[in-house]
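Student: Have a look at this one.
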Amino acid sequence: MTDLLFRGGRAFTPEGFAEAVLVRDGLIAAAGPESELVRLAPAAEPYDLNGGLLTPGFTDAHIHPVQAGLERALCEISEVFGLAAYTAHIADYAANNPDKSWIDGGGWDMSAFPGGLPHRTQLDFLDRPAYLIQRDHHAAWVNTRALELAGITKDTPDPADGRIERDPDGTPSGVLHEGAMDLVGLLTPRPTPADRTAALLDAQRHLFSLGITGWQDAIVGSYAGSDDQLPTYLSAAADGSLKARVVGALWWDRARGGEQIASLAERRAGAEGLDRFRATAVKIMQDGIAENFTAAVIEPYCRCGGTGLSYVDPALLNGYVKELDALGFQVHFHAIGERAVREALDALTGTDPANRHHVAHLQIITPPDVPRFAALGVTANLQPLWATHHAQMDELCIPYLGEPRVSWQYPFADLVAHGTRLAAGSDWPVSSADPFQAMHVAVNRTEPPGSHHSGYPTAQTPFLPGQSIDLRTVLTAYTSGSAWLNGSPAGVLEPGRPADLAVLDRDPFALDPADIWTTKVAATFVDGEQVH
């Protein structure tokens, strides 16, 4: 492999910035002044950064690539917004796919509908059953035909981990929340193994185009009508088509208890020895989301009451986590509400920090719980893109959370001030996988121009601006922070590390902070090989 000398810009290093970086045999050989590296390797092939920035490849610490790839091949409506646009796109898809028995896909946004709720009758123009997953994957929009096929009536009880939205007379309205999604989702056509492999490789291409060279898949298992992705990863890692560095977070089945731990260990063992994939984490989804009042909160929601759902009984959770920790598993929590965050931290108390446990999303944290992350050695896994004023926040969260809870949201600066280790991710396809969209929000706490929400009246009003963090901090979270979380040797530009690199078309540190979102990835390398 030819030596490569990255020059003509700057390189992001732990110490600051380097003038140039030398890559040899797929590894970082040196970083420093260009003249020194030319003397070290006079025959190296120069790679001109054209004034841009060289960074480690990004690691997305919470993402769902296989699901995203599958959705990209279905009736995917996340690129449009509003009922008229949705129905037009759905109608076109149905007309172009007359042989499909179901219209399935997703990407609709709660903020496009009054109260965040579409209705089954809005899809009843279709001649087939429809099942469309909400953009954040916590609900599904179905039509009357789908409800009929599933046998869901006004007499159907809500499952323990979900809710059937209903009209005033009790008739199902066409929205299924959380665990209720499976009532219809499991009836939809199942993707074949070939479909799942194609979805993974399509997603990998897209992520490489964004400079993402590694990730943690936050659900490897069956959830809400999805199929287990573990065989897909095992196959792609074995045949070499998976080039990214991936950790799979094995899904904790919340309908079961500690008896599943032995099978999780067996699933982990089945991935041992693979170069690009390890199944060393367990994902526990402790609550839902605030917009549909399933996020677990301490005090009742304003206006509607209720305190959300704790999907795993906290009295049992502690024992499950301790057993997983003793087996060397990393525990990856989903926690949105402040009670779920506290339950996760309580369960992680006394665990081994070497297992790199983390809590993702962290929409609401009580002030007394913020310092517990650093004290317990628990990583805060941030999805920064959500920390803005947009319709879901201003219309579906703030009025129902109330003060002081509203001011406890996405407290990134407070976590940093207490010395918390940070990782970062996107939750794609819930939201954009572009790291610079998320970094823009982390720094500015405003919507990136061009997003679906950027035209919202308060989108450019900073959301709790005192919780913004600087670009170096969030870029570090997306590189070395997330790579460390995954146990990856990449993520840092220093000698001996894999040359997993992202070449940026500009230097975001030289931009006005309001323009961070404009940064694009010009090229991506894995082990010194250009993959984008």
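The values are calculated or read from the model by the stated rules, or taken from the named source; none is laboratory data. Quantities reported herein were computed from a predicted structural model and do not represent experimental measurements. Note that each Cβ is placed from the backbone with ideal geometry, even for glycine, and that neighbours are counted across all protein chains shown.
Yes/no matrix, rows are residues, columns are (1) assigned by TED's automatic domain parsing to the domain that holds Ile365; (2) assigned to a helix (DSSP H, G or I); (3) β-branched (Val, Ile, Thr):
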residue: Thr446; (1), (2), (3): yes, no, yes
residue: Ile469; (1), (2), (3): yes, no, yes
residue: Thr476; (1), (2), (3): yes, yes, yes
residue: Ala502; (1), (2), (3): no, no, no
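Student: Here's something else I'd like to know. Given the condition touching a Cys at 6+ places or on another chain (Cβ under 8 Å) and not assigned by TED's automatic domain parsing to the domain that holds Ala477, answer yes or no: does some residue in the range 73-90 qualify?
Tutor: yes
Student: For the range 205-242, what are the residues that are in contact with a Lys or Arg (Cβ under 7 Å, 6 or more places away or on another chain) and not hydroxyl-bearing (Ser, Thr, Tyr)?
Tutor: Of everything in the range 205-242, those that are in contact with a Lys or Arg (Cβ under 7 Å, 6 or more places away or on another chain) and not hydroxyl-bearing (Ser, Thr, Tyr) turn out to be Gly214, Ala218, Ile219, Asp227, Gln229, Leu230, Ala237, Leu242.
Student: Restricting attention to the range 334-375, and to residues there that are of a type in the set (Gly, Ala, Ser) and touching a helix residue (DSSP H, G or I) at 6+ places or on another chain (Cβ under 6 Å), which single residue is farthest from Ala61 (Cα to Cα)?
Tutor: This residue is Ala347.
Student: Oh, and also: So, Ala433, is that one part of a helix (DSSP H, G or I) and more than 20 Å from Asp287 (Cα to Cα) or not?
Tutor: Criteria not met by Ala433.
Student: Does Arg276 satisfy being closer than 29 Å to Thr524 by Cα, assigned by TED's automatic domain parsing to the domain that holds Gln392 and either free of Cβ contacts under 8 Å to residues at least 60 places away in the same chain or among the aromatic types (Phe, Trp, Tyr) (or both)?
Tutor: yes
Student: For the range 331-377, give me each residue that is polar (S, T, N, Q) and free of Cβ contacts under 8 Å to residues at least 40 places away in the same chain.
Tutor: Thr349, Thr351, Asn355
Student: Identify, from the list Gly170, Gly115, the residue that is surrounded by fewer than 20 Cβ atoms within 10 Å (Cβ to Cβ), over 21 Å from the mean Cα position of the chain (by Cα) and modelled with pLDDT under 95.
Tutor: Exactly one of Gly170, Gly115 is surrounded by fewer than 20 Cβ atoms within 10 Å (Cβ to Cβ), over 21 Å from the mean Cα position of the chain (by Cα) and modelled with pLDDT under 95, namely Gly115.
Student: I would also like to ask the following. Can you tell me which residue within the range 435-467, out of those that are at positive phi and out of contact with any strand residue (DSSP E or B) (no Cβ under 8 Å at 6 or more places or on another chain), is surrounded by the most Cβ atoms within 10 Å (Cβ to Cβ)?
Tutor: Applying the filter and picking the extreme gives Arg445.
Student: Any chance the range 174-197 includes a residue that's crowded, with 19+ Cβ neighbours inside 10 Å, of a type in the set (Val, Ile, Thr) and within 21 Å of the chain's Cα centre (by Cα)?
Tutor: Yes: one or more hits.
Student: Related question: Looking at Phe17, is it crowded, with 24+ Cβ neighbours inside 10 Å, aromatic (Phe, Trp, Tyr), at pLDDT 95 or above and out of contact with any Asp or Glu (no Cβ under 7 Å at 6 or more places or on another chain)?
Tutor: Taking the combined requirement at face value, the residue does not satisfy it.
Student: Taking the criterion of being within 24 Å of Gln392 (Cα to Cα) and not basic (Lys, Arg), would at least one residue in the range 44-61 satisfy it?
Tutor: Scanning the range 44-61 turns up at least one residue that is within 24 Å of Gln392 (Cα to Cα) and not basic (Lys, Arg).
Student: Something else about it: Of all residues in the range 202-242 being in a helix (DSSP H, G or I) and among the acidic types (Asp, Glu), which is nearest to the chain's Cα centre (by Cα)?
Tutor: Asp202
Student: Has the range 70-78 got any residue that is in contact with a strand residue (DSSP E or B) (Cβ under 9 Å, 6 or more places away or on another chain), of a type in the set (Val, Ile, Thr) and modelled with pLDDT under 95?
Tutor: Yes, the range 70-78 contains a residue that is in contact with a strand residue (DSSP E or B) (Cβ under 9 Å, 6 or more places away or on another chain), of a type in the set (Val, Ile, Thr) and modelled with pLDDT under 95.
Student: What are the residues in the range 207-220 that are surrounded by fewer than 22 Cβ atoms within 10 Å (Cβ to Cβ) and touching a Phe, Trp or Tyr at 6+ places or on another chain (Cβ under 9 Å), if any?
Tutor: Hits for the range 207-220: nothing passes.
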